[in-house]
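Inspection log for the structure reproduced underneath, given as structure tokens.
The values are calculated or read from the model by the stated rules, or taken from the named source; none is laboratory data. Note that the structure is predicted; figures quoted are calculated from it, not measured. Counting neighbours? That spans all protein chains shown, and the Cβs are built from the backbone with ideal geometry, glycine included. The accessibility values were calculated without ligands, DNA or RNA, using every heavy atom of the protein model including side chains. Shrake-Rupley method; radii C 1.70, N 1.55, O 1.52, S 1.80 Å.
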Amino acid sequence: MKYASLVFRSLFRHRLRTLLTLSFLALSVFLVALMQGFLGTLDALTTSSASGSRLVVQDKASFTNVIPESYGNFLRAQPEIEAVTQFQWFGGEYKDPKNFFANFAVQKDTYLQVYREEAGVDLLPPEGVRDFLQDGNGCIVGKSLADKYGWKVGDVVPLRSPIFNLSVRLNVRAIFQGKRQSDEQALVFGLKQIQEAVPWMKGRVGSFVVRVKSSQDIPKLCERIDRNFANASPETLSMSENAFNLNMMKMFGDFGTMLHSITSAVLVAILLVTASTMAMTIRERSTQIAVLRALGFTAGKVMGLLLAEGLLLALMGGLLGLGLAVLAAKVTAGLASAILPWMADFYIPPDTLLLCLVGTLAMGLLSTFVPAYQATRKPIVEALRAL
Amino acid sequence: MSNSGNDGNAGSNGGNGGGNGGNGEPIIRLRDLAKSYYRGSLEIPVLTGIDLDIPRGGYYALMGPSGSGKTTLLNLLAGIDRPTGGELEVCGYRLNDFDDNELASWRATNVGFIFQNYNLIPVLNAYENIELPLLLTELSRAQRRERVLEALQLVNLTEQMQHFPRQLSGGQEQRVAIARAIVHDPDLIVADEPTGALDAKNAEEALNLIQHLNEELGKTIVMVTHDPKAARHAHIQIHLEKGVLDRTVEVHELPPREPLLGGRVPH
Ligand SMILES: Nc1ncnc2c1ncn2[C@@H]1O[C@H](COP(=O)(O)OP(=O)(O)OP(=O)(O)O)[C@@H](O)[C@H]1O
Ligand SMILES: [Mg+2]
């Protein structure tokens, strides 16, 4: 392309200004890509197929309250139900409060049924499963968590939970591999241990997680369960696990709407800033543009050169921003998964990257089009005179 | 008046007169050419009733007081402006009939431009500036290079070909511009006060180059100038007055002592 160097050098005629615009573009694209990637990760979390066939039964007043273990009898009696497990968040710290990861207590055998995908039950060695079920202090650990702390089968993991003011020493009996990174960020052990050690936990569980045969049954089942316990104390609140996850997210505010509106605002900002930069560089060059046209460059050709400049600006800013976003997503996933296990899945999907790039290029073209059009329609002699 | 051959006829067809004017079909033929600007419904005539033939190979100087319409006329000849009346035929084409794109491609092959302010592209070096008109041709990179080097040699700037405009003196910049005007071998070269921004020495150099283009390469030159000295390089001087052709002066070879008398051309 014989005009490449003309386009490139024209764009960098005012190096500082172009670099500033470029940085702004890159930063904006970076933000948009991260936010969209984050939304995608949340979305995947609340629409996964395995969690789609589960429902959560908890105390109506607060999900931090506990409910009687005996409620499970009613649940197990429902024909649509495949398996029921008990669940209690433990919140144990490993050596240091900073070592935070997901650890929870469950009814072991049913857990492996209800969460068979997440726990990678098909891949678990049978003797590991047997040891886990038999050993009262047995636990299973996700592979990526085990790798992080260097745990192996047979190791002892001491955990201290401020919630229960309880210390446990758990024997690693198996290491499981989940389908997603986030599945492997957990340590799972038996709820009996807590129930025996903590008086107010006797005969109680944090919640039930129920696996249904068909996800279509979830709404009517939730309704039936909550109706059954309507006059009991405590009352229950049942919802699909997806809805539950969504509710957890909502505790942080309505991310979706917020991030989408930030995205739109950033896109508008990109448009305005590139438009003003391009308008400025084109206006400054009105004489040069007239000279090119006098030499025989058609308005269309000059327009093409100017649009190429806008496109090049957007392309460089876009690629830079997306590159940084991919890096940042990796780093964030590593760091944040300690606190929010599902953040281990945080990445920016290729189609989001592509969409961001196409969007940025479109902004580049759009913002150049108007000033370029004006500049190339202006009579040559007028532009030459205005010296 | 020190110049002989002042025929003093307003609106005469200057090109048909002199022996210095070149031969054959005129390369520029203007008939009753007019250009007006409009401010609302108010017509502001800038050029009226211009009849002029310029022969191929002619070297014409366009003179006249400021605001008389010299630049306007030159722009019309060069096909970067459109007349509001009359006939405009240049290099064998009736420009009145062309649309913007046709005019652009006509300019690309037929016209070379030299401006008072050189108007080089600042982000391109001397070589690349000269190459610009060739980018619009089918020539290969190697062919373009050959031509650019030839043009650089003509203006004696081969050594400065990597220099950017800001690294060149005014005189050098104008020589690059002259090379750019000739590189694609157009028949017509228009120059609007090409020496207006140059000192005497550089002006002389530029004028000698332009003369060379005319005499050795056979280019038709139309040059707007205020400077009588510059105008004396031309074969014919055309004087504009308030938008009409005032008179045409044929410049003759000056006798050796003529410059001592001042060589002034009335305008
Ligand atoms: N766009 C325009 N609108 C209205 N009038 C214009 C426009 N452009 C030029 N003119 C007028 O046309 C007249 C001729 O201008 P032109 O530039 O051709 O003069 P000139 O002979 O080249 O003058 P100078 O020697 O100062 O360069 C001037 O009176 C100018 O004001
Ligand atoms: Mg002028």
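Remarks
- Point-charge dipole on Cβ atoms (K/R +1, D/E -1) for chain B, about Cα centre, debye to 20: 420 debye
- Pairs exceeding a 20 Å alpha-carbon distance, out of B:LYS201/B:LYS229; B:LYS35/B:LYS242; A:LYS2/B:LYS219: A:LYS2/B:LYS219.
- Shape call, the range A:1-112: gyration tensor on alpha carbons, a/c limit 1.5: prolate
- Most fluctuating residue given options A:TRP342, A:TRP200, A:TRP89, as computed from a GNM of chain A linking Cα atoms under 10 Å: A:TRP200
- Between the residues A:LEU366, B:VAL123, A:GLY72, the greatest Cα displacement towards the positive end of the dipole of the protein assembly as shown, with unit charges on the Cβ of Lys, Arg, Asp and Glu, is found for A:GLY72.
- Inter-label distance, nm, simple model (7 Å from Cα along the C-beta direction), A:LEU19/B:ALA197: 2.9 nm
- Separation in nanometres of the label points that stand 7 Å from Cα toward Cβ, at A:LEU366 and A:LYS152: 5.8 nm
- Each label point was placed 7 Å from the Cα along the Cα-to-Cβ direction; for B:GLU146 and B:LEU217 their separation is 1.7 nm.
- A 1.4 Å probe run over the protein assembly as shown, with the rest of the protein chains in place, finds 45 Å² accessible per residue.
- Of the residues A:LEU311, A:PHE176, A:PHE297, the one whose Cα sits farthest toward the positive end of the charge dipole of chain A, with +1 on the Cβ of Lys and Arg and -1 on the Cβ of Asp and Glu, is A:PHE297.
- Applying the criteria of a DSSP loop state and at most 14 other Cβ atoms within 10 Å to the GluC sites (Glu not before Pro) of the range B:164-259 yields B:GLU216, B:GLU253.
- Classification of the protein assembly as shown by its C-alpha gyration tensor yields a prolate form. The axis ratio a/c (a ≥ b ≥ c) is 1.5 or more, and a/b outweighs b/c.
- Carbon/sulfur fraction of accessible area - the range B:80-121, other protein chains in place, 1.4 Å, %: 41 percent
- Pairs of lysines in the range A:66-233 whose Cα atoms sit within less than 16 Å of one another amount to 6, provided the residues are eight or more positions apart or on different chains.
- For the range A:35-146, the residue among A:SER51, A:GLY91, A:PHE132 whose Cα projects farthest onto the positive side of the dipole built from Cβ charges is A:GLY91.
- Within 10 Å of the Cβ of each residue in A:293-306, the mean number of Cβ atoms contributed by other protein chains is 6.
- Check: chain A dipole with +1 on Lys, Arg Cβ and -1 on Asp, Glu Cβ, in debye: 1720 debye
- Between A:VAL121 and A:ALA197, the C-beta separation translates, for a Förster distance of 35 Å, into a calculated FRET efficiency of about 0.80.
- Rounded to 5, percent antiparallel among DSSP beta bridges of the protein assembly as shown: 65 percent
- Fully extending the segment from A:ILE262 to A:ASP96, taken as 0.36 nm per residue of separation minus the present Cα-Cα distance, adds 56.1 nm.
- Residues along the range A:1-28 losing 20 Å² or more of accessible surface when the other protein chains are present rather than the chain by itself (probe 1.4 Å): A:LYS2, A:TYR3, A:LEU6, A:ARG9, A:ARG13
- Choice from A:LEU324, A:LEU16, A:LEU221 showing the highest fluctuation, given a GNM over chain A with Cα pairs closer than 10 Å: A:LEU16
- GNM result for chain A, Cα springs below 10 Å: residue of A:GLU241, A:GLU284, A:GLU80 fluctuating most strongly: A:GLU284
- Computed about the Cα centre, the dipole magnitude for the range A:66-233 is approximately 220 debye when only Lys and Arg (+1) and Asp and Glu (-1) carry charge, each at its Cβ.
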